[in-house]
């Protein structure tokens, strides 16, 4: 009897796994926060100060200085910024809360709390807080009913602030994604020092948007990301994600 039950459980689990939609990520951009980039930003920031104080003029900038402004958009305040000051989907989006099943306690001046996951900075990271690699730990976004729908999910996987920190800490290999507590699919992340994304087949969120009063009374909606598997860090078990953010529709 036990053998029959075991076989039934195996077949049921295997069938369920087979039916899950799997998403392969696309590389959006490669990260580079090395010494040369840091020096470029110092020079670029000094140029802005000189322009503001009128020590320099836009008309007299060298070709090298002009290229610095082309390379490092003036709408960004620091090299860590994910979104610049220009208009984006987040001009009308971002009204959500985020929580996690755990997070690593602060160490020295470093924070690993859940707010790091959506602070729009590559310098900080959320790190799960349980012993081991954090399998089963999750991050959950809760959106207000009127929130614009999500069509793209972008993930900065690992501790991005430096290549050394990224290698030393564990990164996510597979994320199980839930929408409103129902399994949506599995995101397969590449082990690369890059921003990754997936494009959804259908927008997530409330689609009926013509009646604004009715929309506001609809239930909140959620997206949860659960760690299933990791790429092991060279030094630490701790699994980090620097940022999860979105793109979508219903804004412009």
> If you check residue 93 against the conditions, is it surrounded by 11 or more Cβ atoms within 10 Å (Cβ to Cβ), within 29 Å of residue 151 (Cβ to Cβ) and touching a helix residue (DSSP H, G or I) at 6+ places or on another chain (Cβ under 8 Å)?
Replying inline: no
> Which number in (1) over 30 Å from residue 33 (Cβ atoms); (2) in contact with a helix residue (DSSP H, G or I) (Cβ under 9 Å, 6 or more places away or on another chain); (3) surrounded by 18 or more Cβ atoms within 10 Å (Cβ to Cβ) marks the one condition that residue 249 misses?
Replying inline: (3)
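Conditions tested, residue by residue: (1) within 14 Å of residue 243 (Cα to Cα); (2) modelled with pLDDT of 95 or more; (3) out of contact with any helix residue (DSSP H, G or I) (no Cβ under 9 Å at 6 or more places or on another chain).
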position: 81; (1), (2), (3): yes, yes, yes
position: 106; (1), (2), (3): no, no, yes
position: 109; (1), (2), (3): no, no, yes
position: 118; (1), (2), (3): yes, yes, yes
position: 121; (1), (2), (3): yes, yes, yes
position: 126; (1), (2), (3): yes, yes, no
position: 129; (1), (2), (3): no, yes, yes
> Counting only residues that are in contact (Cβ under 8 Å) with a residue 24 or more places away in the chain, part of a helix (DSSP H, G or I) and either loosely packed, with under 13 Cβ neighbours inside 10 Å or touching a strand residue (DSSP E or B) at 6+ places or on another chain (Cβ under 9 Å) (or both), how many does region 50-89 have?
Replying inline: 2
>> If residue 216 meets every condition in (1) touching a strand residue (DSSP E or B) at 6+ places or on another chain (Cβ under 8 Å); (2) at negative phi apart from one, which number is that one?
In response: (1)
> Does residue 191 satisfy the condition of being crowded, with 16+ Cβ neighbours inside 10 Å, closer than 25 Å to residue 29 by Cβ and either in contact with a strand residue (DSSP E or B) (Cβ under 9 Å, 6 or more places away or on another chain) or touching a residue at least 60 places away in the same chain (Cβ under 8 Å) (or both)?
Replying inline: no
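The values are calculated or read from the model by the stated rules, or taken from the named source; none is laboratory data. As the structure is a prediction and not an experimental result, all values here were calculated from the model. Methodologically, a virtual Cβ is constructed for each residue, glycine included, from the backbone with ideal geometry; neighbour enumeration extends over all protein chains shown.
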